[in-house]
Amino acid sequence: MGDIKRVLVADDSDTVTTVLATALELEGYEVDKVDNGLAAYEMGITGNYDLIILDHLMPGLLGLEILERWGKEGHNHTTIVLSGVDDDRIAVDSLEAGAVDFVRKPFRMPELLARIRSRLPD
Amino acid sequence: MNETTVGLVILGVVMLVAFAMLIGLVMLKAINRRRALRRRERHSRYVALISRRIAAKDTPEPIDSSTVVDDSFLDAVIDIRNVITGRQIDTLAGIIDGVGLARRQEQRLRSRFPLGRRLRAAVSLAEIGDESTAPVLITHLADREPEIRIQCARGLGRIQYEPAIEAILDRFGLEQPWVRARFADTLVRFGGKATWPLVAFVRANLRHDHNEGVIEAIRVLGVIGDREVGPSLAGILRVATDPEVRIAAIESLGIVGGPLAIRPLKYTFRSTDWRLRAKSATSLGHIGDPSINAVLARGLQDSNWWVRRNTASALAALPGGDELLLHAIGSDDPFARDAAAEALADCGVLAAARERDDAGQATDNDRLLLDYVGAGLQVLS
């Protein structure tokens, strides 16, 4: 059995972070939650996470801005962007900025968990 | 007691009362803050509890039915409902059913509570209600409070409860414009299911004047965009006498499109009423069939500025339309020339001509257009 995988969930909605964290913990992951862009940016650098789930619209810094900053600074995280904004441009920009996936809210939990599992091999 | 003493006593009493009020205000704020904090804590606890229930693969964690009285639980259910979709919504519906959450909101809506609490119940039912809730929502479409009527219609639209379409339409002609506009949004959510009830409503209520509800219903038909409604809209256009109704029908025909929409629009494009001609030009442009280019081109010589403008804009968007506009630039009619030049500028043909001219590759048409614009628009300038 491999090590416990660490996941960071960044979303300004307490409901989203709690729903995701609960489901991920039941799957056996170790989860940290943050509710703003600046904290997400900093924890992404210092937290040594196996995967980061990043909301696009957050106070402080947008998800896309965080991805661009990490990219410029050479931090290559496995990041899934989650967004309630149904805008193809944001999806394309996020993927070009280094996200491995883009999921729209509201999301199907089993599908999102499957996407997460596929990015976190044992 | 002299006057100074009396004044000092009054001042002291006033200061004492002001101080007491200040203390009271501070305490009230502190109590409210603590309440809000506790509500947030309970909300988080409930979100976690429901999430575990949704995500649990084995024995689900029970939810105490007493939680139903706590509004934080209701908020948590609504918030989760807006975050997830798919099969987990069924699990959530099971939780709502199990604790009797919707039933409690129905009771609140029926009660004599103040508007705020009844409205909260209506909003909640609009978010979490299902088909079993629909009869209550339909009853309250005739509620004395317009906001509650709107929320009930919204809920019925979300549930997609088909029998509600007739009930909403029954209220349609009776409502104030702003309520009717919200009802119209609700009907759009029913999509194609609302098409034929809307057509029947329009046919039954079409009058010579005061057609506000009918106009809104025709616009909803356009937004729904069911192409099969084209002949019905054409029929409405044929029998209606109110210009506003006819304009709405022309607009909706342009949106639903299809070959059957072209003939009635070509007819109204020859109307004596310039408003109908102008709207018809726009709708013919929306349909996007280049076979009507030659018919549309006649609108460039129309006596009305709006008709010329809309015609030129429509042609600019149609395949081959820019050729007709360039042809109009060389015509004898200064009105047609101006309308064509403006449309060619708006759609980027003028900018492209300038680029080719700068590169020394201008065509004859480019030079014609650039010379005309360079000389200034003749009628408007």
P(r), alpha carbons of the stretch B:122-204 - 5 Å bins starting at zero, rounded %: 3, 17, 31, 27, 16, 5, 1, 0
Dipole magnitude (debye, nearest 20) for the stretch B:102-241, charges at Cβ of Lys, Arg, Asp, Glu: 460
Distance between modelled label sites at residue B:298 and residue B:355, nm, 7 Å Cα→Cβ extension: 3.6
Furthest towards positive pole of dipole, B:241, B:341, A:57, structure part the protein assembly as shown, Cβ charges: B:241
Exposure proxy ranking, count of Cβ atoms within 10 Å, fewest first, for B:87, B:42, B:337, A:89: A:89, B:87, B:42, B:337
Lysine pairs within the protein assembly as shown, Cα separation less than 27 Å, 8 or more sequence positions apart or different chains: 10
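So what is the orientation-averaged projected area of the stretch B:292-381, using the convex hull of its C-alpha atoms, in nm²? Intermediate values should be presented prior to the final figure.
Working: hull surface 21.2 nm².
Value for the stretch B:292-381: 5.3 nm².
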Order of B:168, A:52 under a 10 Å beta carbon neighbour criterion, fewest first: B:168, A:52
Estimated FRET transfer efficiency when R0 is 45 angstrom, pair residue B:317-residue B:181 (beta carbons, to 0.05): 0.95
Cα→Cβ-extended label distance, 7 Å offset, between residue B:14 and residue B:272, nm: 7.6
Most positive-pole-ward Cα, B:299, A:36, B:43, against dipole of the protein assembly as shown from beta carbon charges: B:43
Magnitude of the charge dipole, chain B, Cβ model with Lys/Arg +1 and Asp/Glu -1, debye to 20: 1820
Alpha-carbon Debye profile of the stretch B:56-211, log10 I(q)/I(0) at 0.09, 0.14, 0.21 Å⁻¹: -0.33, -0.72, -1.33
Pairwise Cα inverse-distance average, inverted: Kirkwood Rh of the stretch B:190-287 (Å): 12.9
0 to 90° range, to nearest 10: angle between helix B:3-55 axis and chain B longest Cα axis: 70
Area projected by the alpha carbon convex hull of the stretch B:276-329, averaged over all directions, nm²: 3.1
Stokes-Einstein D in µm²/s, Kirkwood radius over Cα pairs - chain A at 4 °C with 1.567 mPa s viscosity: 92
Computed FRET value (nearest 0.05) for residue A:119 with residue B:174, which takes r as the C-beta separation and R₀ as 41 Å: 0.15
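So what is the relative contact order for the stretch A:6-117, in percent, with contacts set as C-alpha pairs under 8 Å and at least six apart? Please list the in-between numbers first.
On the way: 181 pairs, mean separation 25.5, N = 112.
Across the stretch A:6-117, relative contact order equals 23 percent.
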Counted charge near residue B:244, where neighbours are those whose Cβ lies closer than 12 Å (Asp, Glu -1; Lys, Arg +1): -1
Farthest positive-ward along the stretch A:76-119 dipole, Cα basis, beta-carbon charges - from A:114, A:85, A:95: A:114
Neighbour-count ranking [beta-carbon atoms within 10 angstrom, fewest first] of B:152, B:347: B:347, B:152
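Of all the C-alpha pairs in the protein assembly as shown, what % are more than 36 Å from each other?
Values: 72375 of 126253 pairs.
For the protein assembly as shown, the share of Cα pairs beyond 36 Å comes to 57 percent.
How large is the charge dipole for the protein assembly as shown, taken about the Cα centre, if only the Cβ atoms of Lys, Arg (+1) and Asp, Glu (-1) carry charge, to the nearest 20 debye? Let's see the in-between values first.
Details: 62 positive and 70 negative charges, 409 e Å.
Dipole about the Cα centre, nearest 20: 1960 debye.
Counting Lys and Arg as +1 and Asp and Glu as -1, what is the net charge of the other residues whose Cβ lies under 9 Å from the Cβ of residue B:301? Working shown, then result.
Values: positive: B:298, B:308; negative: B:302, B:333.
Around residue B:301, the charge tally is 0.
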Pair residue B:131, residue B:291: separation of 7 Å Cα→Cβ label points (nm): 4.3
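Which value does Rg/Rh take for the stretch B:172-234 over its C-alpha atoms, Rh per Kirkwood?
Working: Rg = 10.9 Å, Rh = 11.7 Å.
Radius of gyration over Kirkwood radius for the stretch B:172-234 works out to 0.94.
FYI, it's all coordinate maths here, none of it is from the lab. None of these values were measured; they are calculated from a predicted model. All Cβ positions, glycine included, derive from the backbone under ideal geometry; neighbour counts span all protein chains shown.
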